[in-house]
Amino acid sequence: MPVFEQGYAPYDGPRRPLSKRWWPVFREEVQPYLRKRRFLFLLILALLPWAWGILLTFFHTQLGDSENVKAFIAELPKVDESLVAVLLGNFYNLFLLTIVSIWVGSGLVARDRRDGTLAVFLGRALGPLQYLWAKGAALGFFLLVFSLLPVLVLVIFQVGLTGEPAWLWEHARVLWGSALFTLLGPFTLVLFLLALSSMGRSPRLVGLTFFGIVFLGPAACGILYAITRSPLVWFPSIFTQLKALAELCLGAEVHPGEPGLILPPAATLCFFALLAASSVLVLAARFRGRAVLK
Amino acid sequence: MIRVQNASRWYGLVVGINRVSLDLEPGVTGLLGVNGAGKSTLLNLMAGLLQPTAGSVTLGGEPIFANPGALARIGYCPGADRFWEDMTGLEFVAFLGRLSGLSPAEATERAGRALQEVALGDEGGKKIRAMSKGMRQKVKMAQALVHDPQILLLDEPLNGMDPPSRAHAIAAIKRWGEEGRCVLVSSHLLHEVEAMTSRILLLHYGRVLASGEVPQVREAIASRPLKVFLRCADARALASVLIAWPTVASVTFAGDGRNLTVEVSDASDFRARLGALLAEREVGLEILNPLDDNLAAVFSYLVA
């Protein structure tokens, strides 16, 4: 029997281009969550109100002519900008969005810093921008469940059940408003969490900090509001700003008929611009041209 | 292939390495130095994880830091543990292979082979969390190797390995050097470095104290005469000849009177003269053995 060369064979096969090497990081970040039952349960919980939206579409399109239930169905809200604003900007959706943000986002960079794997990854032909893109995309992927993804499903059902593509033109704002909300709201939160996560080595501490900012912030704003009665004191409250952003993008109130805390649209846009800019600055300071190790 | 030119790295007021210049050639080079000498800093600079405060570190003329093209040609085995502990060794190595551009199937196959290469074949399927220190070291070595780099930077790779694993790793490192890779291995254990290579780079307080083949380095230490042990039939007669040579600093008798220890200031001159003497006269020389041209002696003379 011949003796074969047992040495290490140099690899001369194809390699994935440098620009696509973020994909394995994204996959490794997303896959473990998709295997967690509790996490999936949370996502299903988040989709329940949207299922109600689909049911509404069904009632209006399929049962709206039935004499028995006509009056009842006529009182139900229709799928339009108002309903989508309510579904996007209500406390339930924003609360679950925050929980998922903490769950997925707090460890994005902090875990790699704690385990020292950041150096291993960035020492492997993976640029900081690709690394951050992969991490951000993982969180953004899950936050789509709280923003654009269910809206798209709702629209597909609406158009499919009514058979009227014209609905899209009449309610185009549902689509572009939701897309804008996703871009300015959840995606800015992704940037913010990336920045926050890059500043610590403990995912737990990052999560607690974000939790404090999101939930204790409104409490402090509430106390200030009770004293000053100025809606501008709600400026730093992420919750309030997300709700205001949903109203701004969809052109409808989240709680119609209730006296709201009205923030000027410019203040809301300014808040998210500031949040994104400061996050980008932090990330640039921590990653661009900086050594991975200190 | 890797060129370090006047590179310095400061950590605030603390110097990591200071105006270091060197060329890393194909083959195995041992990186030596006491704790805090700057070995890990130099390796991190070469691996592109640190940016030099001054000077440059280049691979094929291109800077390594923040250069994915250069980083793709380097395999780095860090000194500290850097893992996703919930993965198995195979998964972790394959994942890093994918990061280096291999397809998932190719990465898994090469990860398996890299683990075989470092003698962690079947045990690579264990969770890293459950692995011993030695097994973790092997995973680190395998991940440095999985994407087939031309440059291998190994920071104390043998730490925590049992003797058979050490022997296997030393053989593997020698083989990688013989394949034409540039391998830089840092270690505190001189005999292990000596088993891998005779080419060393000695750092001390952040500066290169010596580099080259151990015998050459030894000869260059002019302040310490080379000690040579001689055993011959007529030691007294030989001593009387040797002491007259200008390169012989001292001659000491030892043992049963047939043993001599000679201190030589110029080893090559001494060898030439001794060769001529042996050709000319029968002195009954039985043993000629340099006592301190080994790595341990070089290290202690230069650093201690």
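What to note about this one:
- Residues located in the stretch A:27-55, provided they are of a type in the set (A, V, I, L, M) and within 14 Å of residue A:150 (Cα to Cα): A:43, A:44, A:45, A:46, A:47, A:48, A:51, A:54, A:55
- Qualifying residue in the stretch B:126-141 (condition: touching a strand residue (DSSP E or B) at 6+ places or on another chain (Cβ under 6 Å) and either in contact (Cβ under 8 Å) with a residue 60 or more places away in the chain or farther than 30 Å from residue A:115 by Cα (or both)): yes
- Whether a residue is more than 7 Å from chain A (Cβ to nearest Cβ) and surrounded by 21 or more Cβ atoms within 10 Å (Cβ to Cβ) was assessed, and residue B:71 does not pass this test.
- Residue, nearest to residue A:92 (Cα to Cα), within the stretch A:13-29, restricted to residues that are in a loop (DSSP other than H, G, I, E, B) and basic (Lys, Arg): A:21
- The listed residues are B:148, B:81, B:155, and the only one of them that is under 23 Å from residue B:187 (Cβ atoms) and within 9 Å of chain A (Cβ to nearest Cβ) turns out to be B:81.
- The set of residues in the stretch B:99-127 that are within 25 Å of residue B:50 (Cβ to Cβ) and assigned to a helix (DSSP H, G or I) contains only B:99.
- Restricting attention to the stretch A:86-133, the residues that are among the β-branched types (Val, Ile, Thr) and within 14 Å of another protein chain (Cβ to nearest Cβ) total 3.
- Condition broken by residue B:90, with the remaining ones in (1) in contact (Cβ under 8 Å) with a residue 12 or more places away in the chain; (2) more than 9 Å from every other protein chain (Cβ to nearest Cβ); (3) in contact with a strand residue (DSSP E or B) (Cβ under 9 Å, 6 or more places away or on another chain) satisfied: (3)
Rundown of residues vs (1) modelled with pLDDT of 90 or more; (2) outside the structural domain of residue B:266 (by TED's automatic domain parsing); (3) closer than 19 Å to residue B:299 by Cβ, yes/no style:
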position: B:162; (1), (2), (3): no, yes, no
position: B:169; (1), (2), (3): yes, yes, no
position: B:195; (1), (2), (3): no, yes, yes
position: B:198; (1), (2), (3): no, yes, yes
position: B:209; (1), (2), (3): no, yes, yes
position: B:225; (1), (2), (3): no, no, yes
position: B:230; (1), (2), (3): no, no, no
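- Those residues of the stretch B:158-211 which are surrounded by fewer than 16 Cβ atoms within 10 Å (Cβ to Cβ), within 14 Å of chain A (Cβ to nearest Cβ) and hydrophobic (A, V, I, L, M, F, W, C), in sequence order: B:171
- Index of the failed condition, residue B:179 passing every other in (1) closer than 14 Å to residue B:295 by Cβ; (2) free of Cβ contacts under 8 Å to residues at least 24 places away in the same chain: (1)
- Residues being under 26 Å from residue A:25 (Cα atoms) and more than 20 Å from the chain's Cα centre (by Cα) - total across the stretch A:122-160: 7
- The stretch B:223-262: number of residues that are within 32 Å of the chain's Cα centre (by Cα) and buried (at least 18 other Cβ atoms within 10 Å of the Cβ): 8
- Qualifying residue in the stretch B:74-81 (condition: in a loop (DSSP other than H, G, I, E, B), closer than 30 Å to residue B:126 by Cβ and touching a strand residue (DSSP E or B) at 6+ places or on another chain (Cβ under 6 Å)): yes
For every residue, the table says whether it meets (1) more than 20 Å from residue A:128 (Cα to Cα); (2) crowded, with 22+ Cβ neighbours inside 10 Å.
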{"position": "A:178", "(1), (2)": "yes, yes"}
{"position": "A:187", "(1), (2)": "no, no"}
{"position": "A:204", "(1), (2)": "yes, no"}
{"position": "A:216", "(1), (2)": "yes, no"}
{"position": "A:220", "(1), (2)": "yes, no"}
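- Options B:46, B:141; residue that is closer than 26 Å to residue B:194 by Cβ, within 13 Å of chain A (Cβ to nearest Cβ) and out of contact with any helix residue (DSSP H, G or I) (no Cβ under 9 Å at 6 or more places or on another chain): B:46
Results for (1) over 23 Å from residue A:90 (Cα atoms); (2) in contact (Cβ under 8 Å) with a residue 24 or more places away in the chain; (3) of a type in the set (S, T, N, Q), shown as yes or no for each residue.
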site	(1), (2), (3)
A:31	yes, no, yes
A:36	yes, no, no
A:40	no, no, no
A:43	no, yes, no
A:48	no, no, no
A:51	no, no, no
A:57	no, yes, yes
A:63	yes, no, no
A:71	yes, no, no
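- Test: residue in the stretch A:32-39 that is charged (D, E, K, R) and within 14 Å of another protein chain (Cβ to nearest Cβ): yes
- The stretch A:15-48, residues that are over 16 Å from the mean Cα position of the chain (by Cα) and within 13 Å of residue A:100 (Cα to Cα): A:34, A:36, A:38, A:41
The values are calculated or read from the model by the stated rules, or taken from the named source; none is laboratory data. Keep in mind it's a predicted model, so treat the numbers as computed, not measured. Because the Cβ atoms are built from the backbone with ideal geometry, glycine has one as well, and the counts that use them run over all protein chains shown.
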